[in-house]
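The values are calculated or read from the model by the stated rules, or taken from the named source; none is laboratory data. Keep in mind that this is a model prediction, so the values were computed, not measured. In this analysis, Cβ positions are derived from the backbone assuming ideal geometry, glycine residues included, and neighbour counts consider all displayed protein chains.
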There are 2 protein chains.
Amino acid sequence: MLRLSAKDPGFAEAFARVVSDRRESAVDVAADVAAILRDVRERGDAALADLTAKFDGHDLDQTGWNVDAATCKAAFDALEPTLRAALELAAERIRAYHAAQLPENRDYTDAAGVRLGATWNAVDAAGLYVPGGRAAYPSSLLMNAIPAKVAGVERLVVVTPTPKGEVNPLVLAAAHLAGVDEVWRVGGAHAVGALAYGTDRIAPVDVVTGPGNAWVAEAKRQLYGVVGIDMVAGPSEILVIADAKNEPRRIAADLLSQAEHDPTSQSILITDDAAYADAVAEAVELELAALATEKTARESWNVNGVIIDVASFDEAPALANALAAEHVEIATDDPESLMRRIRHAGSVFLGRMTPEAVGDYVAGPNHVLPTGRRARFSSGLSVLDFMKRTSFIQLDAAALEAIGPAAVALAEAEGLPAHARSISVRLNS
Amino acid sequence: MLRLSAKDPGFAEAFARVVSDRRESAVDVAADVAAILRDVRERGDAALADLTAKFDGHDLDQTGWNVDAATCKAAFDALEPTLRAALELAAERIRAYHAAQLPENRDYTDAAGVRLGATWNAVDAAGLYVPGGRAAYPSSLLMNAIPAKVAGVERLVVVTPTPKGEVNPLVLAAAHLAGVDEVWRVGGAHAVGALAYGTDRIAPVDVVTGPGNAWVAEAKRQLYGVVGIDMVAGPSEILVIADAKNEPRRIAADLLSQAEHDPTSQSILITDDAAYADAVAEAVELELAALATEKTARESWNVNGVIIDVASFDEAPALANALAAEHVEIATDDPESLMRRIRHAGSVFLGRMTPEAVGDYVAGPNHVLPTGRRARFSSGLSVLDFMKRTSFIQLDAAALEAIGPAAVALAEAEGLPAHARSISVRLNS
């Protein structure tokens, strides 16, 4: 853990290093991924079968290519009642929050007599990547699938690796609850290729979202433009801004809730009390010792954890904007006034009773959020990622007389005479 | 030009080939671009100077690295009055249309007592790529710059190559009118690298938009995630749906207004009258002969032009949705009913008096639109490309008691005990 004090002479430099350190995979998998995508494009299902045998160790013809709806429903019905109710509450709250994101169409006629507007439509089909193993989270499936369904996507396809053929029943239950239409037992870059190009078995989709390892992320990046994708995701991160009135173990628990995700995750505390900073550091050690995920959380905290004490919280927004963190928790007396000054953040958690983890599951807003300072320019996942806008324009003869000559002048100045001609041939008619 | 009739036995197959043919550059510039970006990242301005000398044939230290505001203003003041008024009308109408796109913030408390919301902010800085030579269009500068300024972007940077040091005065005039803050005389992949990474002279930006050649497009793709970018753009295209009541030369002019952009552009006509199809084909030849851009337009029309006659316009929406064209013109008696069935299109132009070219300049909606079937999943440029959304969540003790236990159950099921702990440590307190 890195301990910084804003009043130290070397602070600006040390903080700049925290900001510029992206903690992202340096492995260059571009060439490997390009070869895999080429293979899927050329050989389709045969490539998927070969690559699944190689990477996941099972034969799709034997284990089955997909998981049918009845199996997903059975997984849901078999859930322990408390867990089932929790999943239902999460789904319901996510649905309600995202339903309010549906954009409105526009249609109006302006003073020049020009009718203008825009119509939003859902994409026809979306593909969701669901990782296998440690990161196979039903909550993540809900956070990707429900916005797609709320947007009106008719065909929602999950691809997920099932190492040695084993499926995750929680993921299948969530797929049932979210209304997923197809579940394919393929993962890795080849699964993303199948979604983008289509194979004999898997029809192509228009948008691919969902988290994945470096190969999956690179496949999405290479296929950007063939399909739409969500933002490239890096390691998770939290910035907690907390005063000394918070019980130290609560803040310690918040910091560790990010640290336990992965050794590359990052937790940062900003506080206005140096003694409190030390108290939280101590509480982190106590909390760590009691965690089943201690090994991961300890590595993350030791390597990437940061505690910064500042003279006044007035300094915090500038630091927060530079970090542009995925999650920002503000546990102070007046969290609102700090939030108003934070322009760059994925999601903000206000007050002492809003641990970030409620946002991961049941609050309602999406937990797929920009990481690695991408909150400077990108947003969390929303229904808009599964929709697109078509603008429209309608002129009558009078409107064309009013604004057409200006377009003719500009087209001629740009050296595009056919543009000018398509307008002038309709003027004075 | 390819002449198809929907009633011919081979139609489905021939049409599928039109749909799948992307007409995009097959040149693989990925490795070249990666090397250029590495060079800019490592050597900054020195790399920019070397690459500008190599590709644009001038010495930046002699010609000047940037164009100052006074020079842009002088270019604007020197405009011929009709052209200046046309540019001002365009800017004013683009501004009005995009101002209405500004999204609304949300802030509400739901039945469980959970406060939820979302706040939109502009990115701090945006970079606009403006091509040199044939494709240096002032209209394109307005269409990129004005949405950024309407969004509230404080620093708006143009990069543009000036081959042999020559600048385009129309582009400078448009930069002045749109309120561009900096104009740098660099182009190519290296200019995009400079915007993303920053150099000593050019501070980094958060979003890069604007059209460019294959190198520029590949640089944007490789930097996606370091900065935000607009959609990958391919050759321009128009689908015209027209009945026999339209004067053939008008429809011919509309088809050629796309064809004159580039030999790879595509113009497609769908009509319900085979004799009218022939009349338009004849009119295209007459119009071509009178065009200063005849060479480009003829090559585009000969190689990529398509005329399809259908038995009824009832067939048109399915064809239009499969093509998902950038521009769709509907010149029929009841364009509205066809538009309602077209889900995938960049922009729709309704009626006999709405040639697509009015949308390129003065109608108001953005002319930066998805090409190459990307209207299936992406939208034209808008203020949203220069903004991002931060969600927020606030719970009090009662709200946490209400929804917290469900989050604890899910966190435990996902094997994330620190997530559960950050909530449970606040329950029953």
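Here are some notes:
- First in the range A:167-195 and not assigned by TED's automatic domain parsing to the domain that holds A:D45, second anywhere and part of a helix (DSSP H, G or I), Cβ under 7 Å, 6 or more apart: none
- Flag for A:A357 being at pLDDT 95 or above, in a loop (DSSP other than H, G, I, E, B), within 26 Å of B:F392 (Cα to Cα) and facing chain B (nearest Cβ under 7 Å): no
- Boolean, A:R352 is in a loop (DSSP other than H, G, I, E, B), among the basic types (K, R), buried (at least 20 other Cβ atoms within 10 Å of the Cβ) and in contact with a Ser or Thr (Cβ under 9 Å, 6 or more places away or on another chain): yes
- Candidates B:L384, B:L410, B:L395 - the one that is at the interface with another protein chain (Cβ under 8 Å from one of its Cβ atoms), in contact with a Phe, Trp or Tyr (Cβ under 9 Å, 6 or more places away or on another chain) and without any contact (Cβ under 8 Å) to a residue 24 or more places away in the chain: B:L410
- Of the criteria (1) more than 7 Å from every other protein chain (Cβ to nearest Cβ); (2) farther than 30 Å from B:A331 by Cα, which one A:A402 fails: (2)
- Qualifying residue in the range B:386-395 (condition: of a type in the set (A, V, I, L, M) and either surrounded by fewer than 23 Cβ atoms within 10 Å (Cβ to Cβ) or assigned to a helix (DSSP H, G or I) (or both)): no
- Of everything listed in (1) among the β-branched types (V, I, T); (2) under 15 Å from A:G127 (Cβ atoms); (3) outside any helix (DSSP H, G or I), the single unmet condition for A:V216 is (3).
- Every listed requirement among (1) at the interface with chain A (Cβ under 7 Å from one of its Cβ atoms); (2) of a type in the set (S, T, Y); (3) assigned to a helix (DSSP H, G or I) is met by B:S379 save one, (3).
- Residue in the range A:6-55 that is modelled with the lowest pLDDT, counting only those that are of a type in the set (S, T, N, Q) and either within 28 Å of A:W184 (Cβ to Cβ) or crowded, with 16+ Cβ neighbours inside 10 Å (or both): A:S25
- Residue list for the range B:334-374, restricted to those being among the basic types (K, R) and under 28 Å from B:L141 (Cα atoms): B:R373, B:R374
- Selected residue [under 15 Å from A:I241 (Cα atoms) and touching a Lys or Arg at 6+ places or on another chain (Cβ under 7 Å)] from A:P335, A:P317: A:P317
- Only one of the listed residues (A:A189, A:A118, A:A217) is of a type in the set (A, V, I, L, M) and crowded, with 24+ Cβ neighbours inside 10 Å. That residue is A:A189.
- Qualifying residue in the range A:145-152 (condition: at pLDDT below 95 and either assigned by TED's automatic domain parsing to the domain that holds A:R43 or not acidic (D, E) (or both)): no
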